[in-house]
Amino acid sequence: MSDTKRQELKDFISEYMQKDNPSSYLIAVLHKAQELYGYLARETMEFISETMNVPAANIWGVATFYHYFNLTPRGKYTISVCLGTACYVKGAGEVMEAIKEELHIKEGETTKDMTFTLQEARCLGACGLAPVMMVNGKIHGDLTPKKVVEIIKEYRKKEGK
Ligand code: FES
């Protein structure tokens with residue numbers, strides 16, 4: 001952990017340690033840690049455990065219970081491919097396959113260069129544009145296997161890759 005980030009996390013925790021029942025603020029602390037590091041590494045959870053005096057097993061339990069906590073490093077871009085019904089019937093399965101082939105990863109994985117993380121989603125609320133994927137909050141619609149590869153190449157170009 002970098003010293004600046006660790007200090008920021010420590011300061012954040014200190015505020016809650018003044019309150020009654022500090023361990024009830026564990027979720028807020030885990031959110032802050034994820035915001036700082038992008039994911040919850042084991043050493044980050046151990047640091048929180050020592051600083052808040054909460055057993056590491058409790059922290060692990062909370063971190064694994066909520067799906068919004070990431071336990072592994074994420075790429076700079078998270079690609080969420082919608083596999084909801086409207087997208088699926090319009091070829092989202094083929095789109096997902098094309099992305100996997102292009103990135104050489106499966107759902108839930110991150111490319112070795114830490115540029116992309118691939119995940120599936122269920123209805124991104126843009127069924128009219130099906131099939132759809134979201135890249136760091138930006139919707140891309142009317143996808144085809146060919147189009148999706150071009151979009152990935154554009155993101156790579158942005159990164160100078
Ligand atoms: S099913 Fe894909 S956006 Fe709704």
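Laboratory data are not the source of any read-out in this text; all were calculated from the coordinates shown. This structure is a prediction, so every number in the text was calculated from the model and none was measured. Ideal geometry is used to build each Cβ from the backbone, glycine not excepted, and the neighbour counts take in all protein chains shown.
Packing around the peptides 140-148, 4-12, taken as the average count of other Cβ atoms within 10 Å per residue, puts them in this order, highest first: 140-148, 4-12. Each part gets one Cα centre, and for segment 1-43 versus segment 55-70 those centres are 13 Å apart. Assign one of three labels to the chain, namely rounded, prolate or oblate, based on the Cα gyration tensor with a ≥ b ≥ c the square roots of its eigenvalues; rounded applies when a/c is under 1.5, prolate when it is not and a/b is larger than b/c, and oblate otherwise. In terms of gyration-tensor shape, prolate.
For segment 3-65, treating each Cα as an identical point scatterer without solvent, what Debye log10 I(q)/I(0) comes out at q = 0.14, 0.18, 0.27, 0.29 1/Å? These q points yield log10 I(q)/I(0) values of -0.32, -0.55, -1.31, -1.52. The stretch between residue 3 and residue 89, if pulled fully straight at 0.36 nm per residue, gains 26.0 nm over its current Cα-Cα span. Annotation: cysteines of the chain without a disulfide-compatible partner (Cβ-Cβ under 4.7 angstrom) are 123, 127. For segment 63-136, what does the alpha-carbon gyration tensor say about shape, rounded, prolate or oblate, given a ≥ b ≥ c as the root eigenvalues, a/c under 1.5 as rounded, and a/b over b/c as prolate? In terms of gyration-tensor shape, oblate. Tell me what the chain gives for mean residue ellipticity at 222 nm when only DSSP H runs of n ≥ 4 count, each as -39,500 (n - 2.57), the sum divided by the residue total, rounded to 500 deg cm²/dmol. After summing the helix terms and dividing by the residues of the chain, the value is -15000 deg cm²/dmol.
Quick check on packing: order 78-87, 64-73 by the mean number of other C-beta atoms within 10 Å, highest mean leading.
Most protected by this proxy first, the peptides run 78-87, 64-73.
Within segment 77-158, DSSP assigns beta bridges of which about 55% are antiparallel (rounded to the nearest 5).
Grab the beta carbon distance between residue 144 and residue 39, set R0 = 45 Å, and tell me the FRET efficiency rounded to 0.05.
Numbers: r = 32 Å, r/R0 = 0.71.
Computed FRET efficiency for residue 144 and residue 39 comes out at 0.90.
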